[in-house]
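Worksheet: one structure, shown below.
The values are calculated or read from the model by the stated rules, or taken from the named source; none is laboratory data. Since the structure is predicted, the reported quantities are computational estimates derived from the model, not experimental observations. Ideal geometry is used to build each Cβ from the backbone, glycine not excepted, and the neighbour counts take in all protein chains shown.
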Amino acid sequence: MNCKSFCTCTVADCPSHPEKHDWQCGPCIQKNLDHHEIPYCFWEKIGDTANAKSPYTFLEFAKAVIKAEG
């Protein structure tokens, strides 16, 4: 499956965005793993785009998931 067909990321100016190259989601995932962060599309999935601006850390994402589930 081509990730471009399901990618929900709206940060189109990001150089790692799948529309910018032919390497699917790999560059985005690698960048986020290197920085111990969660990709923006995950933030969008839980509906927390306001808090996803900064930081993208695992801890802040966990807090946002708990808040969204609450």
Count of residues meeting criterion [under 14 Å from residue 57 (Cβ atoms) and buried (at least 16 other Cβ atoms within 10 Å of the Cβ)] in the range 29-46: 7
The range 13-28, residues that are surrounded by 10 or more Cβ atoms within 10 Å (Cβ to Cβ) and part of a loop (DSSP other than H, G, I, E, B): 14, 16, 17, 21, 23, 24, 25
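Output the residues belonging to the range 24-60 that are closer than 16 Å to residue 7 by Cβ, hydrophobic (A, V, I, L, M, F, W, C) and modelled with pLDDT of 85 or more.
The answer is 25, 28, 29, 38, 41, 42, 43.
Of all residues in the range 5-15, which are modelled with pLDDT of 80 or more and under 21 Å from residue 46 (Cα atoms)?
Correct list: 8, 9, 10, 11, 12, 14.
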